[in-house]
Amino acid sequence: MKRRSLSVRFLFPLFGALLVSRAGAQTPMTWQQVKDRFAQANPVLKASQANIEESRAAEITAYLRPNPQFSLSADGLQLNRGDAWRPLSGIVETPGISYLHERQEKRELRRDQAKASTAVAESTYLDQERNLVFNLRGAFVQVLQAKAVMQNAQENLAYWDKELGVQRERFHAGDLAQVDLNRMELQRVQFEADFESATVNLRTAKIQLLMLLNDRTPIDKFDVTGTFDFADELKPLEDYRNLAMEARPDLKAAMQSVALAKVAHQLAVANGSTDPTFSVWYSHNPSFANSFANETMGGSVSIPLRLFDRNQGEKARTQIDIARNERLVEANQSQIFSDVDSAYWVMVQSLNLLKPYKNKYLPLATDVRDRVTFAYQNGGASLLDFLDAEKSYRDTRLAYLNLIGSYLTAAAQMNMAIGREILQ
């Protein structure tokens, strides 16, 4: 009865601790959830979005009409005293309104230029997001890889502890020398070191990911989940090139910059034209030609004389800017081909190594370890052979996990090269 009471008293704190740990743990985040939170919280993207809003506000300013001008003139102040001095009695006030008329669609061209600038700003934002998402994907893959390496280290340590248990029983039975048991005990240090290194690497990877997310969640409560594996087949290289030519935001920005330069050139040509100013005024004063007309109105048209074209430099500059942006489009296309080709061949190389590792080398290393272990336990193999087989398995398994990480990083690089996610 006393033993049962002690057992119950021991289980209650254990059950409570389990509930607290589950309550404090956070559900692992998928890649889509990580990307959504990144888009909402990253300060760099928030600042870039403000640039787009500023450009849209500039569209309003660019399309504003010129304001009419109001003028008020006074004439007739008496300066000579003469026989009677009444200086203010003869003053005539003449109010007037003038308006500048812009020709050759200057206002519309300014609006089109502002809209083209907004389009470039939007594509530039998407290109910046593309590069930041690549960094985010790399950090996400690093966490998955660190988790896989840590799980592998845990499995290796558990396997070695199991082997140590068997060898200790052999030692107590007199079937194993003390020096061989001590050598196996010393070998456990390597497994412990692998586990501690994997733990540190996992924490470091989580810290990097949390920094990109601008998140202050404690490391122990933050986790991600995803498939840590590779796809066996790839599309032809030409398909990836075509997708990149359609989706890359930096190429769109380069093409939009050409359109912006053309609109700027049209505006420079239009700004070289003269704009007349129309004016009308009213006066409560007899006309010189008609002394009986006390209420009079007048009007005028003011046209600048374009003796000198002061806009030639701007026309030449904008024309050169068109050619410069066209060359940048060609350079951008070449860069896209280079990015896609580089990522493609890195993926091909990774697959060329991953397939034999998965289908041949990893099963072979497992089989060799199991056979040598069985032989050593039955006296058919030396301790050195046993330790070497275990090391070979551990190295092969770790190399396989690192290759998967390299493949997923190359897949993220391919997504960045194309401009959108096609590989998960």
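The values are calculated or read from the model by the stated rules, or taken from the named source; none is laboratory data. Model, not experiment: these values are computed from the prediction. Because the Cβ atoms are built from the backbone with ideal geometry, glycine has one as well, and the counts that use them run over all protein chains shown.
Here residue 389 does not qualify as buried (at least 19 other Cβ atoms within 10 Å of the Cβ), part of a helix (DSSP H, G or I) and either among the aromatic types (Phe, Trp, Tyr) or at pLDDT 90 or above (or both). Quick check, is residue 141 assigned to a helix (DSSP H, G or I) and over 18 Å from residue 406 (Cβ atoms)? No.
With respect to the conditions (1) surrounded by 10 or more Cβ atoms within 10 Å (Cβ to Cβ); (2) at pLDDT 85 or above, residue 67 falls short on a single one, namely (1). Taking segment 325-379 as the range and being small (Gly, Ala, Ser) and in a helix (DSSP H, G or I) as the test, the residues that pass are 331, 334, 338, 342, 343, 350, 365, 375. Every listed requirement among (1) under 18 Å from residue 370 (Cα atoms); (2) surrounded by 15 or more Cβ atoms within 10 Å (Cβ to Cβ) is met by residue 161 save one, (2). Those residues that are in contact with a helix residue (DSSP H, G or I) (Cβ under 6 Å, 6 or more places away or on another chain) and of a type in the set (D, E, K, R), I need them from segment 45-80; list them, please. Result: 56, 59. The set of residues in segment 245-272 that are out of contact with any helix residue (DSSP H, G or I) (no Cβ under 6 Å at 6 or more places or on another chain) and surrounded by 20 or more Cβ atoms within 10 Å (Cβ to Cβ) is empty.
Going by what's in this entry, would residue 373 be described as out of contact with any Leu (no Cβ under 6 Å at 6 or more places or on another chain), under 30 Å from residue 177 (Cβ atoms) and in contact (Cβ under 8 Å) with a residue 12 or more places away in the chain? Criteria met by residue 373. The set of residues in segment 212-240 being in a helix (DSSP H, G or I) and surrounded by 17 or more Cβ atoms within 10 Å (Cβ to Cβ) consists of 212, 213, 240.
Of all residue pairs spaced 6 or more apart or on separate chains, those with beta-carbon atoms under 8 Å, a first member in segment 287-300 that is of a type in the set (Phe, Trp, Tyr) and a second member that is part of a loop (DSSP other than H, G, I, E, B) and modelled with pLDDT under 85 are 292/286.
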